[in-house]
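Colleague: Structure incoming, see below.
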Amino acid sequence: MLTLINPHHAEHAGRQEMFRGRLVDCHEVPDRLHYVRDELQRRAIGPQRPPEVGDAVLDAALARVHEPRYLHFLANAWDDWVALDPANAQRDALPSVWPLPQAHAFRHDRVPLNAAARLGLFAFDSGTPLMAGTWRAARAGAACALAAAQAVLAGERSAFALTRPPGHHAGPGFYGGYCFLNNAAIAAQALRDGGHARVAVLDVDYHHGNGTQTIFYERADVLTLSLHGDPHTEYPFFLGHADETGAGAGEGFNRNWPLPRGTGTAAWRAALDEALQAVAGFGATALVVPLGLDTYEGDPISGFELRSGDYPAIGAALAALGLPTVFTFEGGYAVAEVGVNAANLLEGFERAA
Ligand code: SP5
Ligand code: ZN
C-alpha cells in the first residue's frame, strides 16, 4: 500500500493541553507518526513518499470542505497570537473564551479583532494547542490526504495518508480534538470530484468523527458512519449519538454506533459488521477510513479493549468491501504500540485485497 507521509508534521508539536483545570503533557506527539512509519518500513508495506500537490490545487481542495474565514484564520492564527503579545512566541495558543451556540445570543458572524478571542470563535476545546508550525503541518497533512485520493483515482487499490495533526474532529469552520483540517473529508470530497458518485466514510477512531459528520450531514452523496465511545461519557461529548441520522437531503446518510467504555472485540466487530453492510447497501464506489488506533486496550485516553491481534482481521473485513480505499491516520496514543497496530490493520487489508 502506498503511504503518503507528511514531511512537515513535526513542526506541529504541542507542549501542553488543558484537561480538567490543569495543563497536561500533549498526547498527540510526533513520535506517534514515527512509530507507524518505521513499522510499515520494517514490514515493507509498500512505498512511502511525500505528497506532490501544488499550492493552488491544495487550496482548491481545502476550500471544498472548509469555510474561507476559517482558512484565513488558520493561516494567520500564529502570527496574530504573537502580535498580541511578543511573549506569546514562547507559549502555544489555547483559547479561553467562547461565544457558545447561537441560542445563547453570542454572535458568531463578527470575527473579533482580538487574536485570543478569535481562537475561541474557531476552537471547540482548550486541548488543541496551535503553534508556529501548525498551519504548515496541517496543510502538508491535507496534501497527503489529497494525494492519497489522487493515487486511488489513478488506479491504486488503496493509499494511506500518514499525517499528523489528525483531522476527523475538524469541521467546516472549527478545530478541536487535536485536529485542524479534516483530512478524511478532503479525501472523500476529492474522490467525489474525481468521479465517484457515492463515497462512504467509515470512521473507526475511538472518538466520534464529529467534524466529518458535520461536513457531510446534509448530503446524500457521502455516507458518514462512525463507531466510537458513547458521547454520554466520552469525548467529544456533544455529538455522536445514534439518533443523528442526517438532515435534509442527507437524511438517512449518517449513522453512529456509540459503544460503552469497556467494549471488547466481539461487540466492536458486531458494530463494524453493521457498518460494513451499510456501506455495501449504500452502493459506495469508494471508501475513506479515518483510522484511529485508540481503540487499543492500552490506549491511555480511551476505553475500548481491542488487542493488537485483532487489527489484521479488521483490515481484512474492510478489504472485503472490494472498494478503492483511502486511510487517514487519526488517533492512537499508546505511542510504542501504535505502529504495530496500524501496520497490523493495513497489512490485514493488503493481504485480503
Ligand atoms: C484525533 C483524536 O483521537 N482526538 C482525541 C481528542 C481527545 N481530547 C481529550 C483528551 C483528554 C485527555 N485526557 C488527559 C488525561 C490525563 N491523565
Ligand atoms: Zn481518537
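The values are calculated or read from the model by the stated rules, or taken from the named source; none is laboratory data. Note that the structure is predicted; figures quoted are calculated from it, not measured. A quick note on method: Cβ atoms are made from the backbone with ideal geometry, for glycine too, and the neighbour counts reach across all protein chains shown. The protein model used for the area step is the full one, side chains on, heavy atoms only, and it has no ligands, DNA or RNA in it. Shrake-Rupley method; radii C 1.70, N 1.55, O 1.52, S 1.80 Å.
Colleague: What does the net charge come to around Tyr217 if you take all other residues with beta carbon closer than 11 Å to its beta carbon, with K and R at +1 and D and E at -1?
Modeller: For residues surrounding Tyr217, the net value is -2.
Colleague: Something else about it: Going by the alpha-carbon gyration tensor, a ≥ b ≥ c the square roots of its eigenvalues, is the stretch 40-92 rounded (a/c under 1.5) or, if a/c is not under 1.5, prolate (a/b greater than b/c) versus oblate?
Modeller: It comes out oblate by the Cα gyration axes.
Colleague: Could you calculate the FRET efficiency of Ser96 with Asp59 from 1/(1 + (r/R0)^6), where r is the beta carbon distance between them and R0 is 41 Å, rounded to 0.05?
Modeller: E between Ser96 and Asp59, to the nearest 0.05, is 0.85.
Colleague: Rounded to the nearest 0.05, what FRET efficiency do Ala220 and Asp193 have when you use their Cβ-Cβ distance and R0 = 22 Å?
Modeller: The pair Ala220/Asp193 has a calculated efficiency of 0.85.
Colleague: If ligands, DNA and RNA are left out, what is the accessible area of Ile301 with a 1.4 Å probe, given in Å² to the nearest 10?
Modeller: 50 Å²
Colleague: Based on alpha-carbon atoms only, what is the radius of gyration of the stretch 151-291 relative to the globular estimate 2.2 N^0.38 Å?
Modeller: So the stretch 151-291 has a normalised radius of gyration of 0.98.
Colleague: Let me ask something else. For a Förster distance of 25 Å, can you work out the FRET efficiency between the beta-carbons of Glu297 and Asp31, rounded to the nearest 0.05?
Modeller: E(calc), rounded to 0.05, equals 0.80.
Colleague: Classify the stretch 1-87: rounded, prolate or oblate, from the alpha-carbon gyration tensor (a ≥ b ≥ c, eigenvalue square roots; a/c under 1.5 rounded; otherwise prolate if a/b is larger than b/c)?
Modeller: Note, shape of the stretch 1-87 comes out oblate.
Colleague: Here's something else I'd like to know. May I ask for the distance between the Cα centers of the stretch 103-124 and the stretch 218-260, given as a whole number of Å?
Modeller: Centre-to-centre (Cα) distance: 26 Å.
Colleague: In whole percent, and with a 1.4 Å probe on the protein chains, what portion of the accessible area of the chain is carbon and sulfur?
Modeller: Its accessible area is 54 percent carbon and sulfur atoms.
Colleague: Let me ask another. When ranked by the protection proxy of mean other Cβ atoms within 10 Å per residue, highest first, what sequence do the peptides 174-182, 271-279, 192-200 form?
Modeller: My ranking of the peptides, most packed first, is 174-182, 192-200, 271-279.
Colleague: What percent does the relative contact order of the chain come to when contacts are Cα pairs within less than 8 Å and at least six residues apart?
Modeller: Relative contact order of the chain: 19 percent.
Colleague: Still on this structure, I have one more. Sorted by average packing, counted as other Cβ atoms within 10 angstrom per residue and highest first, what order do 329-336, 53-60 take?
Modeller: In decreasing order of mean packing, 329-336, 53-60 become 329-336, 53-60.
Colleague: Pull up the DSSP beta bridges for the chain and report the antiparallel fraction as a percent, rounded to 5.
Modeller: Just about 20 percent of them are antiparallel.
Colleague: Same structure, new question: Which order do peptides 311-320, 12-21 fall in by mean Cβ count within 10 Å, highest first?
Modeller: 311-320, 12-21
Colleague: Now for a different question. Determine the relative contact order of the stretch 2-77: mean sequence separation of Cα pairs under 8 Å and six or more apart, normalised by residue count, in whole percent.
Modeller: About 37 percent, as a whole number.
Colleague: Using the basic label-point model (7 angstrom from Cα toward the beta carbon), what is the Ala10 to Phe238 distance in nanometres?
Modeller: Going from the Ala10 label point to the Phe238 one covers 3.6 nm.
Colleague: Would you mind computing, in nm to one decimal, how far apart the modelled labels at Ala87 and Arg42 are, each placed 7 Å from Cα along Cα→Cβ?
Modeller: Label at Ala87, label at Arg42, 4.5 nm between them.
Colleague: Continuing with this model, one more query. May I have the pair-distance distribution P(r) for the chain, computed from all Cα-Cα distances with 10 Å bins from 0 and rounded to whole percent?
Modeller: Per 10 Å bin, starting at zero, the Cα-Cα P(r) for the chain comes out as 6, 27, 37, 23, 6, 0 percent.
Colleague: Modelling each spin label as a point 7 Å along the Cα-to-Cβ direction, I'd like the Ala270/Val24 distance in nm, to one decimal.
Modeller: Those two pseudo-labels are separated by 3.1 nm.
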